[in-house]
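The values are calculated or read from the model by the stated rules, or taken from the named source; none is laboratory data. Since this is a predicted model, take the numbers as computed values, not measurements. Here the Cβ positions follow ideal geometry from the backbone for every residue, glycine too, while neighbour counts run over all protein chains shown. Each accessible area value is taken on the protein alone, full model and side chains, heavy atoms only, with ligands, DNA and RNA left out. Shrake-Rupley method; radii C 1.70, N 1.55, O 1.52, S 1.80 Å.
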Amino acid sequence: MTTSPRQYPSIQGLTWHRTRYYSFFTPMNWHRFEWPDGREGEVYGPDPDDPHTIAGVSLDHLDTTLTADDLETVAEGFFGALEQLPAISFELRDQNVKGRVLMLEARFTYADHGTVRKRWVRVIYHHTRQVTFIAQGATPERFAYWLPMFFQLMATANVHNEMPGIDFWD
């Protein structure tokens, strides 16, 4: 029995999305969506008719600056909230501190109104902000297909205090 080679998406190039507080790359031909709950941030997807296969970021302004001493508390809340999702199964759970930046990360499947979805979330606490990068496939198969593009988002996700210029990558 032979299996066909795995298919990968093709892209025309990448677009650098940048604001004062975060930046990341997505394929340049992806469509912009609004977050359904109106949160601050950006969300993009490869198909305008599929709002469940997305890559995006949300920004929350906190009333405090978190420190390394807060990592266990925020991790407990983050993972505890995820564990409330129906039929959740974790592939990855991670938490760490780099300098003054706290990071939480999870990759998992869960049930959303009877449909199994796969999601990758990275939450970064930087100064007085929580920046959440999200990549999700409408199904685990869609997630696997788009994983190279989702990896691009996560590999280029940055947080900062000023809008980066073109020399940011030098």
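Computed quantities for the displayed model
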read-out	value
Inter-site label distance for T139 and M28 at 7 Å from Cα along Cβ, in nm	3.1 nm
Helix-only [θ]222 nm of the chain, DSSP H runs n ≥ 4, -39500 (n - 2.57) each, per residue, nearest 500	-5500 deg cm²/dmol
Positive-end residue, region 77-170 charge dipole about Cα centroid, Cβ charges, pick of F143, V131, G114	G114
Efficiency of FRET from Cβ geometry, V116 and D70, R₀ 41 Å, rounded to 0.05	0.80
Carbon and sulfur %, accessible surface of the chain computed with the full protein complex present, 1.4 Å	50 percent
F90-E162 FRET efficiency (beta carbon distance; Förster radius 25 Å; 0.05 resolution)	0.10
Dipole magnitude (debye, nearest 20) for the chain, charges at Cβ of Lys, Arg, Asp, Glu	420 debye
Phi-based couplings in Hz for region 27-32 (Karplus 6.51, -1.76, 1.60; Gly and Pro marked x)	x, 5, 9, 6, 9, 8
Relative contact order %, region 70-157, counting alpha carbon pairs below 8 Å whose residues are six or more apart	19 percent
Backbone HN-Hα couplings from phi across region 40-57 [Karplus 6.51/-1.76/1.60, Hz, Gly and Pro as x]	6, x, 9, 9, 10, x, x, 9, x, 9, 10, x, 9, 9, 9, 9, x, 9
Cα pair distances of region 119-170 binned at 10 Å [whole percent]	22, 41, 27, 10
Solvent-accessible area per residue for region 91-158 (1.4 angstrom probe, square angstrom)	42 Å²
Dipole moment magnitude, nearest 20 debye, region 67-140 about Cα centre, only Lys, Arg, Asp, Glu C-beta charged	360 debye
Region 69-84 - phi-based ³J(HN,Hα) in whole Hz, Karplus 6.51/-1.76/1.60, Gly and Pro as x	5, 8, 4, 4, 5, 5, 5, 4, x, 5, 5, x, 5, 4, 5, 7
Between region 21-59 and region 60-83, the Cα center-to-center distance that results, in Å	24 Å
Cut-off under 5 Å, modelled amide H: who pairs with D112 long-range	R117
